[in-house]
Amino acid sequence: MKLSEEFAKVIIQAERTTVRFFDGLEVDGYRMPDGEFRVSLTGASEVLGYAKNWLGRVLSKSGNPVKVLQAMGFTGKIQKVVTQSIQGGGREVQTIGLRDFNRLIVYASADGKESALALQLALTELSLADFFRDAFGETPLTIDEKRRIFYETYAATISPDDWRAMDKEEILALAFPGDEPHLAWVPGTSNIIQTIPFTKITKKKTSLWGLLVIGG
């Protein structure tokens with residue numbers, strides 16, 4: 001079964017806001033009536049360095065990327081939500097939960113997306129800092145302090161040697177260099193296959209991570 005076949009038929013009203021990691025790196029976030037947080041398919045694709053239609057296209061097929069994601073615990077549970085605009089009427093968006101988004105970050109990092117690796121490391125850095133500060137009884141970080149730590153980790157991942165001399169626009173230009181040839185998928189063409197040496201996910205079977213298909 002293709003994961004896109006599991007799209008929820010019920011459209012749920014949700015709240016929308018902008019989740020800002022630092023100035024210039026943002027993603028639309030959605031809060032469901034039950035309190036669950038979600039992110040749009042297009043937003044997830046773009047912040048990881050893919051074309052905005054990448055995730056929707058991948059989930060509409062039953063190819064190797066879907067198998068890899070499923071082996072990582074990706075559920076593919078898509079929920080359509082609608083948010084109200086100022087002018088009235090609603091905007092319909094397809095979303096995934098944060099657990100699935102987290103697995104996409106890992107996948108994209110393994111797929112060689114530097115922007116995804118920077119995102120992953122920055123989020124991990126923040127999480128570790130929070131746990132250690134709590135363990136030592138220190139005051140929790142403010143949102144401004146979190147964004148500073150996040151940006152410094154992100155920028156240092158994108159440009160380890162020169163990030164201090166660069167501004168945010170230059171860092172983002174390196175993280176998202178524009179449409180690359182392999183992102184321009186054309187129906188009917190062959191997939192570009194890239195082999196990456198990964199370890200096994202479980203002791204019982206060889207990891208599906210060993211083969212990543214770029215382009216779906």
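Observations on the structure shown:
- Approximating the spin labels as points 7 Å out from Cα along Cα→Cβ, the Ala165-to-Lys52 distance works out to 3.5 nm.
- Cross-link partners of Lys9 among aspartates and glutamates, defined as those whose alpha carbon lies under 17 angstrom from its own and excluding same-chain residues fewer than eight positions apart: Glu92.
- Charge dipole of the stretch 18-80 about the Cα centre (unit charges at C-beta), most positive-ward option of Val66, Trp54, Gly43: Val66
- For the stretch 46-125, a Kirkwood hydrodynamic radius built from all Cα pairs, placed in the Stokes-Einstein relation at 4 °C and 1.567 mPa s, yields a translational diffusion coefficient of 93 µm²/s.
- In this calculation the C-beta distance from Thr17 to Glu92 is compared with R0 = 22 Å, giving a FRET efficiency of 0.80.
- Distance (nanometres) between label positions extended 7 Å along Cα→Cβ at Arg133 and Asp34: 3.1 nm
- Apportionment of accessible area to carbon and sulfur, the stretch 5-49, percent (1.4 Å): 48 percent
The values are calculated or read from the model by the stated rules, or taken from the named source; none is laboratory data. Quick caveat: nothing in here was measured; it's all calculated off a predicted structure. Because the Cβ atoms are built from the backbone with ideal geometry, glycine has one as well, and the counts that use them run over all protein chains shown. Heavy atoms of the whole protein, side chains included, go into the accessibility calculation; ligands, DNA and RNA do not. Shrake-Rupley method; radii C 1.70, N 1.55, O 1.52, S 1.80 Å.
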